[in-house]
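> Can you keep this structure in mind? I'll have questions shortly.
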Amino acid sequence: MRKIFIAGNWKMVNGAPAEAVALAKEVVNASGSQDNVEVAICPPATAIAAVCEATQGTNVQVGGQNLYPAENGAFTGEISPTFLLAVGCSHVILGHSERRTIFKESDAFINEKVKVALAHGLTPILCCGETDQEREQGVTEKVVETQIRGGLGGLRPDDVTKLVIAYEPVWAIGTGKTATPEDAQSVHAFIRTLLRDLTNDAVADGLRIQYGGSVKPDNAKELLSQPDIDGALVGGASLKADSFGAIIDAGK
Ligand code: PGA
């Protein structure tokens, strides 16, 4: 049985520690003491330490939005996995479509990050998803397969079991357009079959695949009730505790 996992991606919002802590505390209250849904929030780097401190001892976990695949060194502006761990992160979002498009991250680079995150004991949330144009061209599965094969390259089944995949159709991110539950389910089922090929039944059946892209309180329940949708990666609706809390409730 896969436990529903709801993660909030705050993106470049709430970077001041005081405002981030205020929202984090509201999320802790809104998420309650349920143990059948796992919850994480991913604030901007400047607020991670404060948010980790504010959520310590609660069931709200904290993740980074990115990392650089080295422990330290001359990488101006970057954040290493050891820094994330030192302030209390358990997760890290990797390969988000904004990183892929704006920062030109390749599957090979994302793969390096996944390996480094796993080697340090951080749980990667590996994102994949097609653009509008790719969906229209009918190459959604091909695109997602390339991203997943690339992102997981060289990993053993034992490693794959430690990560989470987020399917986020790019055309649904921040647009208010959501994949229908059936369309999302079909891609999630495809991803699980691919994982079966790449690893084995036990890993594929146990691995959680989140859906992301305009998840809101009013569509969360239907999305989360699909057999292969095991959670949500939430952007806009994670910036208010009441909407994020309602999405968490939908997963209970
Ligand atoms: P959205 O973002 O919920 O605002 O569409 C999702 C994401 O980018 O992870």
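The values are calculated or read from the model by the stated rules, or taken from the named source; none is laboratory data. None of the values given here were measured: they were computed from a predicted structure. Cβ sites come from the backbone with ideal geometry, for glycine too, and all protein chains shown count toward neighbours. Each accessible area value is taken on the protein alone, full model and side chains, heavy atoms only, with ligands, DNA and RNA left out. Shrake-Rupley method; radii C 1.70, N 1.55, O 1.52, S 1.80 Å.
> Which FRET efficiency, nearest 0.05, do Glu112 and Lys252 yield, Cβ-Cβ r, R0 41 Å? Let's see the in-between values first.
Values: r = 37 Å, r/R0 = 0.89.
It comes out at approximately 0.65.
> At 1.4 Å probe size, put Ile165, Ile173 in order of accessible surface, largest to smallest.
The ranking, largest first, comes out as Ile173, Ile165.
> Roughly how many Å² is the accessible area per residue of the chain, as a whole number, for a 1.4 Å probe?
I get 43 Å² per residue for the chain.
> Taking 35 Å as R0, compute the FRET efficiency from the Cβ-Cβ separation of Ser186 and Thr76 and round it to 0.05. Display every interim value, and only then the final one.
Details: r = 43 Å, r/R0 = 1.22.
With a Förster radius of 35 Å, E is 0.25.
> What is the calculated FRET efficiency for Met12 to Asp205, with r their C-beta to C-beta distance and R₀ = 41 Å, to the nearest 0.05? Before the final figure, lay out the partial values.
Numbers: r = 36 Å, r/R0 = 0.88.
Computed FRET efficiency for Met12 and Asp205: 0.70.
> At what distance in nm do the modelled label points of Asn36 and Asp132 sit from each other, each positioned 7 Å from its Cα along Cα→Cβ?
3.9 nm
> Please compute the contact order of the chain in relative form: average sequence separation of alpha-carbon pairs under 8 Å and at least six residues apart, divided by the residue count, as a percent.
Taking the mean separation of contacting Cα pairs over the length of the chain, I get 22 percent.
> In square nanometres and to one decimal, what's the mean projected area of the convex hull around the Cα atoms of the stretch 181-233? Let's see the in-between values first.
Numbers: hull surface 13.5 nm².
That works out to 3.4 nm².
> Ok, one more. Relative contact order for the stretch 28-76: what is it in percent, counting Cα pairs under 8 Å that are at least 6 residues apart?
Working: 41 pairs, mean separation 19.5, N = 49.
Here the relative contact order equals 40 percent.
> Gain in length, Arg2 to Glu141, computed as 0.36 nm per residue apart minus the alpha-carbon separation, to one decimal in nm?
Values: separation 139, 0.36 × 139 = 50.04 nm, distance 2.32 nm.
Residue separation times 0.36 nm, minus the Cα-Cα distance, leaves 47.7 nm.
> If I model a spin label as a point 7 Å beyond the Cα along the Cα-Cβ vector, how far apart are those points for His120 and Thr161 in nm?
Output for this residue pair reads 2.4 nm.
> Right, something else. With the convex hull built on the Cα atoms of the stretch 110-182, state its orientation-averaged projected area in nm².
On the way: hull surface 22.3 nm².
Reported value for the Cα convex hull: 5.6 nm².
> If you don't mind, another one. When all protein chains stay in place, what accessible area (Å², nearest 10, 1.4 Å probe) is found for Thr101?
80 Å²
> Taking Cα atoms of the chain, Rg/Rh with Kirkwood Rh, to two decimals?
Details: Rg = 16.7 Å, Rh = 17.9 Å.
Taking Rh as the inverse mean 1/r over Cα pairs, Rg/Rh reads 0.93.
> Multiply the residue separation of Gln56 and Lys240 by 0.36 nm, subtract the distance between their alpha-carbon atoms, and state the gained length in nm to one decimal.
On the way: separation 184, 0.36 × 184 = 66.24 nm, distance 2.02 nm.
Going from the current span to full extension adds 64.2 nm.
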